[in-house]
Structures are given as structure tokens and as C-alpha cells.
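K.L.:
Mind looking over this structure? Questions follow.
Derivation of every value follows stated rules applied to the coordinates shown; laboratory data play no part. Fair warning: this is a prediction, and the values are worked out from it, not measured in the lab. As a convention, Cβ positions derive from the backbone with ideal geometry for all residues, glycine included, and neighbour counts pool all protein chains shown.
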Amino acid sequence: MFAPVEAVSLAGYRNRWPPILRILIVEDDPLLGEGLIAALKRQGNTVDWLQDGTSAIAALRSEEFDLVLLDLGLPRQDGHAVLAAVRGAGNRVPILILTARDQVADRVRGLDLGADDYLVKPFDLSELLARVRALHRRAQGQTSNAIVHGDLRLDTAAHLCTWKGRVVELPRREFALLCCLIESAGRVLTRDAVVQRVYGWDESLESNALEVHVHHLRKKLYPELIRTIRGVGYMVEALP
């Protein structure tokens, strides 16, 4: 659970956006799970939620996530089993353990099995968000929250897009889509991969929503930025 200080309003975090991520929460406590979803989505992220270890292992084998928030005391298979299975399969997704187990031996075991960080319940939301940002920067080999592609600059901490020094206003989903494509510059992303990354499992999506967002980005920036690979998906060209 969040520490008592978490009862304060999230208004102070609205202008401190973390990177736009697809995050998997693996937590069997409904109250905590719903609270984490609300907080992380309010920061602009795409969030999916599972409540047992077996489902988490299956999801991490078949889909890509930017970060996992993992409880240890899970039904079916516990968090340690999830860690062992995920790392054993060669998946290097950043994993942050959230648990009420505060013994040193539990922390050591989790870290030795491949967890990247550890946060003991109850925790402060501001610390969780800071650790999420730090883990993503570390995974991307970045020291800041800025993504630069030629004259295009995305500041994921401020949720700000500039093109040749001019601010371009982008709604949350357009910004998330652009981050997704720019971070994968030089690679073709299938339509399904983009939809999973930007919209998640439980968000209603009209059949042409992705195409509409791509069209808006081309219009607001420049037409050649995003290439459509017919029958496959989309890509942004890598720069020299």
C-alpha cells in the first residue's frame, strides 16, 4: 500500500511527466493495483494489470513492456518464480519489486534473481515515480529524459515536443505514439505492436484511431517523418 503521505493530491505531479511507458503491474491487492493504475495513467503511461504470477509469465513471453512492477506474494506462482522465468528466457525488461517483505534476505534473493530495484510497502508515490523514471533512463542508456531526432526534440519529463525550436502541442496519445516510433527509429513496428504499446489491453480503440493519430503527427510535424510500411506497420527512419 501507499504510505499515509500518499493521500495527498497528485496535482503536484501533473507537470512532472515521466517517460511515456507501457508498464505491467503484477499485484494481487485490488486496492493497490487500482491505485497504481490511476497514478501511472495520470502520468501519461499505458498500464496493464495482472494479479497472478502464471499470467504474468505468459504475458512477458508474448508481449513487450518497458517496465514491470512486481509483487512477491502472488497466487499461482510468486514473484520470485516470475523473476526466474523471465530472466531465464533472456527477457531484460526492467523489473521493480514492490513488496511488504522487508527482510534483507528477501531483497537479496530478488536482486540476485534479476530484479533491477526494490521498494518496500508502504511507499511514497513520488519515490515510486522517480524510480520508474530512473529505471527507464538506465535501460535506454540515457542520462536525461530528452529524446532527440534531428530537429525534433521530445522532453518526456515535461511532456513537451519541439520541432526546429517551435513548440508543437500534442495530446497524450499522439505524444506516446511519437515517443514509441522515435525510440525505435530504424525499425519497422507492426500495427499490433504499436497498439499494444500505446493503448494497452483495456482501452477501447476505434478501428482507425492509430491511423488518425499518425495523420495528425504528419500534419503537425512533417509528412516524411513517419513511413507506412504497407501490410506491416510504421517506422521512423534512423538518422546517420
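K.L.:
Can you check what the net charge comes to around residue 191, using other residues whose Cβ is under 12 Å from the Cβ of residue 191 (Lys, Arg +1; Asp, Glu -1)?
P.N.:
Surrounding charge for residue 191 is 0.
K.L.:
How large is the charge dipole for the range 4-140, taken about the Cα centre, if only the Cβ atoms of Lys, Arg (+1) and Asp, Glu (-1) carry charge, to the nearest 20 debye?
P.N.:
Computed about the Cα centre, the dipole is about 520 debye.
K.L.:
Just one of (i) 37, 24, 13; (ii) 32, 20, 16; (iii) 26, 23, 16 is semi-axes √(5λ) of the Cα gyration tensor in Å as worked out from the coordinates here. Which one is it?
P.N.:
The value matching this structure is (ii).
K.L.:
Also, I was wondering about something else. Going Cα to Cα from residue 164, which lysines come in below 18 Å? Please leave out same-chain ones fewer than 8 positions away.
P.N.:
The reachable lysines, counting only those whose Cα sits under 18 Å from residue 164, are 219, 220.
K.L.:
Given the peptides 179-192, 45-58, arrange them by the average over their residues of other C-beta atoms within 10 Å, most packed first.
P.N.:
Descending packing order for the listed peptides: 45-58, 179-192.
K.L.:
Please report, for the Cα atoms of the range 151-216, the Rg to one decimal and the Dmax as a whole number; what are they, in angstrom?
P.N.:
Both quantities, over Cα of the range 151-216: 12.3, 36 Å.
K.L.:
Another question, if that's okay. Does the range 76-164 classify as rounded, prolate or oblate by the C-alpha gyration tensor (a ≥ b ≥ c root eigenvalues; a/c under 1.5 gives rounded; else a/b over b/c gives prolate, otherwise oblate)?
P.N.:
Because a/c hits 1.5 or more and a/b exceeds b/c, the range 76-164 counts as prolate.
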